[in-house]
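Contents: one structure, followed by commentary.
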Amino acid sequence: MHVVITGASRGIGAGLAALYADAGHKVTGTGRSVASDVQLDVTRPSDHVAMADALAGEPIDMLVCNAGVYLDKTETLDGGYSADMWAASFAANVTGVFLSVQHMLPMLRLADAPKIAIISSQMASHTRAPGGSYIYRASKAAVLNLGRNLSTDLASEGIAVGIYHPGWVQTDMGGAEGDITVDASVQGLALRFDALGMATTGCFETWDGRAHAY
């Protein structure tokens with residue numbers, strides 16, 4: 001199996017890359033660092049073009065759209081949440097996912113039972129609205145919507161799409177106060193990805209297998 005993982009240089013992405021590599025699968029991990037398998041800033045269209053050219057003709061069994069940012073964690077309603085922060089967040093968390101899918105589609109179509117896994121968050125759900133983090137919440141809700149619509153458009157091609165809440169994970173993004181370790185999140189997500197298929201395409205699930213309200 002060939003797995004492509006965006007944002008694989010640290011955190012959940014690095015954990016997933018290590019898990020699949022240890023299991024003997026081929027892993028292409030991307031990141032903004034030159035130390036990654038493929039250098040990819042998901043906000044740069046030219047990087048997506050270069051990556052597509054590098055992987056052209058090579059089947060991709062699973063694309064994991066993990067790269068993302070959380071820039072507004074400490075912003076305040078009075079005077080915070082700049083327009084530039086909104087633009088940068090949506091460029092990474094929404095447009096970056098769309099461009100990743102769009103440019104990897106030719107290679108996904110070469111696989112027998114291709115899958116796309118999109119890392120969103122429980123903060124995307126309209127059932128959880130405790131306030132704050134307006135930009136992050138909105139961007140994760142948008143990518144949830146994107147994933148749901150992709151699942152509809154790609155169903156006729158047999159490409160399954162799942163959207164996932166990885167848990168509140170102890171990473172640079174989640175903070176040391178997170179509920180679970182990277183390893184716990186990664187192990188749970190891998191099980192969710194394994195279970196993803198055309199019968200469950202469009203699902204929004206938690207890392208530990210629970211269906212999440214949209």
Any hit, segment 73-86, residues being buried (at least 19 other Cβ atoms within 10 Å of the Cβ), in a helix (DSSP H, G or I) and of a type outside the set (Lys, Arg): no
Can you find a residue in segment 92-100 that is within 20 Å of the chain's Cα centre (by Cα) and of a type in the set (Ser, Thr, Tyr)? yes
Looking at the structure I just gave you, is Gly175 open to solvent by less than 40 Å² (accessible area, probe 1.4 Å), modelled with pLDDT under 95 and not in a helix (DSSP H, G or I)? yes
What about Ile116, is it more than 21 Å from Gly11 (Cβ to Cβ) and crowded, with 17+ Cβ neighbours inside 10 Å? no
Scan segment 95-113 and give yes if some residue there is under 21 Å from Gly202 (Cα atoms), open to solvent by 50 Å² or more (accessible area, probe 1.4 Å), modelled with pLDDT of 95 or more and small (Gly, Ala, Ser), otherwise no. yes
What number of residues in segment 27-56 are modelled with pLDDT of 95 or more and touching a helix residue (DSSP H, G or I) at 6+ places or on another chain (Cβ under 8 Å)? 15
Would you confirm, using the coordinates I've provided, whether Ala129 is part of a helix (DSSP H, G or I) and either of a type in the set (A, V, I, L, M) or open to solvent by 40 Å² or more (accessible area, probe 1.4 Å) (or both)? no
Go through the residues of segment 146-158 one by one and say whether even a single one is within 30 Å of Asp179 (Cα to Cα), assigned to a helix (DSSP H, G or I), touching a residue at least 40 places away in the same chain (Cβ under 8 Å) and hydrophobic (A, V, I, L, M, F, W, C). yes
Is segment 12-21 home to any residue that is in contact with a helix residue (DSSP H, G or I) (Cβ under 6 Å, 6 or more places away or on another chain) and open to solvent by 50 Å² or more (accessible area, probe 1.4 Å)? no
Do any strands (runs of 3 or more DSSP E) lying entirely in segment 1-66 carry at least 3 residues that are under 21 Å from Leu150 (Cβ atoms), and which ones are they? 2-5, 62-65
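The values are calculated or read from the model by the stated rules, or taken from the named source; none is laboratory data. Nothing here was measured: the structure is a model prediction, and the numbers come from that model. Here the Cβ is made from the backbone with ideal geometry for all residues, glycine too, and neighbour counts use every protein chain on show. For the accessible areas, the whole protein counts, side chains as well, though only heavy atoms, and no ligand, DNA or RNA atoms are used. Shrake-Rupley method; radii C 1.70, N 1.55, O 1.52, S 1.80 Å.
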